[in-house]
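The values are calculated or read from the model by the stated rules, or taken from the named source; none is laboratory data. Owing to the predicted nature of the structure, the values given are computational and were not obtained by experimental measurement. Every residue, glycine as well, gets a Cβ built from its backbone with ideal geometry; the counts of neighbours run over all protein chains shown.
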Amino acid sequence: MGDGSKISRRAFGAGAAGLAALGATRASAKPAKPKTIATGKPFILTTWEFGPGANAIGWPMLASGASAIDAVETAINHVELLGDYWVGAGGVPNEVGETTLDAMIMWGPTHDAGAVGCLKRVKRAISVARKVMEETQHSLIVGDDATRFAARMGFTETSLTSVVSQQAWDKWAATGAKTTAFDPEPIASADKLVGHDTVGSIALDAAGNLCVGCSTNGREFKIPGRVGDSPIIGAGAYCDQAVGAAVATGNGDVMMRFLPTYHVVELMRGGMEPQAAAEATIQRIVDAGYQIDGGIAVIRRDGVHGGAKTGWADTPFSYSVQTATGNVTVPVS
Ligand code: ASP
C-alpha cells in the first residue's frame, strides 16, 4: 500500500480532531444528472393524522414553485418537532430510556438517497438524512457516528428525552417488564406492540420531480441499537422518478423483510393500479404468515393514489393528499 492510503486511514482513525481536520464538506459529493420528466401536477401526500397539518406546510411551497425535496423536508420537520410521542424527539424511549431516530429521504431525478439510523441527540433526523444524501457518497449512517456526522454538518446536539418519554419509561421500568423484542416472531400469534408510527411524505413539484421521505422514533422499548425499516431504502420509503413513490409504517422489524415500498412501486411500473399494487404488497406479508400492524401509502406520478394495511383493527390508519383542489384524507381499510 502506498503512503496515500496510510494518510487517509490515519485521518479516519483520528477521532474528533481527525474529523475536524477532514474539514469542509463538498458542495455535492454525488454528481447529479437530473432525469426530469415534466409531467404531472404538484401534490403532497403525508401519512397518519399528521397528514393535513404537514400538507398545509408543504403544499404552499409546492404551489409557489419550490422543489419537492424542500417540501418533503419541511413537512416532515414540522411533524418531527410537534412533540408527538410516536414520531420525533420526546417520544418512544428504548429499553434504557433513550429516544433514537430513524429517517430517510430519496430524490427522484438522481435516484439518490440518504438515511440515518439510531440517530441520537439530534432532532431533525430527516434533515440529517438529506445531508447524507447531498453531501456524501454514502446512503446510510448510524448510531453515535450519525450524531457525529450531524454535528459536523452543523446540527445542534440536544437531549431527545421529554417529560412524557421519561414518564413513559419510568412507568414501564417500574413494572419490571422486559422488551418484547425477545418474544417469538409474530407468526403463530399477533404481535403485541402497543403502538408505533412513522410519518411519511411524498411530493411532486411543478418541475415534475418526485421526492419521498420518512421519519420515526421506531418501536417502544426497543433494544438499544435497533434500526427499523424507515431508513432502509425500499422498506420505509422508495421513489422512482418515472413511476411514483411509496411510504410504509408499522412493525418495521417484519416489514423490512419484504421491501414493501420497492415492491409496490415495481408493481406499478408493471402496470398495476396503485390501490391494487398496495393491496398485493401487504398481502405478501400476510401470506407469509405474519400477524402484524402495518400499512403503506402509494402515489403514482400522475397523482393516482392508494393504500393498504394489515392489523390495526382499532387504529385508523390514513393518508392525506393535497393538490391544487384541496386536501383529501383517505382512511385505509
Ligand atoms: N416502522 C416503524 C419502525 O418499526 C414504526 C412505525 O411506523 O410504526 O421503526
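No other residue among Lys192, Lys171, Lys123 is within 30 Å of Gly311 (Cβ to Cβ) and either touching a Leu at 6+ places or on another chain (Cβ under 6 Å) or buried (at least 21 other Cβ atoms within 10 Å of the Cβ) (or both) apart from Lys123. Scanning the stretch 219-242 for residues that are closer than 13 Å to Thr99 by Cβ, away from the ligand (no atom under 12 Å from the Cβ) and out of contact with any Pro (no Cβ under 8 Å at 6 or more places or on another chain) returns a single hit, Pro224.
Surrounded by fewer than 20 Cβ atoms within 10 Å (Cβ to Cβ), farther than 30 Å from Asp70 by Cβ and of a type in the set (Ser, Thr, Tyr): does that describe Thr156? The answer is no for Thr156.
As a summary of the residue check, Asp205 satisfies the conditions (1) away from the ligand (no atom under 16 Å from the Cβ); (2) over 22 Å from Ala129 (Cα atoms) except for the one numbered (2). Take Ile285 and decide whether it is within 14 Å of the ligand (Cβ to nearest atom), assigned to a loop (DSSP other than H, G, I, E, B) and among the β-branched types (Val, Ile, Thr). So Ile285 does not fit the description; no. With the condition kept exactly as written, say whether any residue in the stretch 263-282 is within 30 Å of His138 (Cβ to Cβ), touching a residue at least 60 places away in the same chain (Cβ under 8 Å) and either part of a strand (DSSP E or B) or away from the ligand (no atom under 16 Å from the Cβ) (or both). No: the stretch 263-282 contains no residue that is within 30 Å of His138 (Cβ to Cβ), touching a residue at least 60 places away in the same chain (Cβ under 8 Å) and either part of a strand (DSSP E or B) or away from the ligand (no atom under 16 Å from the Cβ) (or both). Here the strands (runs of 3 or more DSSP E) wholly within the stretch 64-167 that include at least 3 residues being not β-branched (Val, Ile, Thr) are 101-107, 112-119. Here Ile292 qualifies as within 16 Å of the ligand (Cβ to nearest atom) and either of a type outside the set (Lys, Arg) or surrounded by fewer than 22 Cβ atoms within 10 Å (Cβ to Cβ) (or both). Within the stretch 62-117, being within 16 Å of the ligand (Cβ to nearest atom), over 18 Å from Ala129 (Cβ atoms) and among the polar types (S, T, N, Q) holds for one residue alone: Asn94.
On the basis of being among the small types (Gly, Ala, Ser), outside any loop (DSSP other than H, G, I, E, B), out of contact with any Pro (no Cβ under 9 Å at 6 or more places or on another chain) and surrounded by fewer than 16 Cβ atoms within 10 Å (Cβ to Cβ), does Ala245 make the cut? Considered against the rule, which asks whether it is among the small types (Gly, Ala, Ser), outside any loop (DSSP other than H, G, I, E, B), out of contact with any Pro (no Cβ under 9 Å at 6 or more places or on another chain) and surrounded by fewer than 16 Cβ atoms within 10 Å (Cβ to Cβ), Ala245 comes out as no. How about the stretch 107-166: which of its residues are farther than 18 Å from Ser201 by Cα, hydroxyl-bearing (Ser, Thr, Tyr) and under 16 Å from the mean Cα position of the chain (by Cα)? Matches in the stretch 107-166: Ser139 only. Regarding the stretch 208-227, can at least one residue be identified that is touching a residue at least 24 places away in the same chain (Cβ under 8 Å), within 17 Å of Pro274 (Cβ to Cβ), more than 13 Å from the chain's Cα centre (by Cα) and buried (at least 22 other Cβ atoms within 10 Å of the Cβ)? Checked against the condition, which is being touching a residue at least 24 places away in the same chain (Cβ under 8 Å), within 17 Å of Pro274 (Cβ to Cβ), more than 13 Å from the chain's Cα centre (by Cα) and buried (at least 22 other Cβ atoms within 10 Å of the Cβ), the stretch 208-227 yields at least one hit.
Okay, residues lined up against (1) of a type in the set (Gly, Ala, Ser); (2) at pLDDT 95 or above; (3) within 12 Å of the chain's Cα centre (by Cα); (4) surrounded by 24 or more Cβ atoms within 10 Å (Cβ to Cβ):
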{"position": "Leu62", "(1), (2), (3), (4)": "no, yes, no, yes"}
{"position": "Ala75", "(1), (2), (3), (4)": "yes, yes, no, yes"}
{"position": "Thr100", "(1), (2), (3), (4)": "no, yes, no, yes"}
{"position": "Met104", "(1), (2), (3), (4)": "no, yes, yes, yes"}
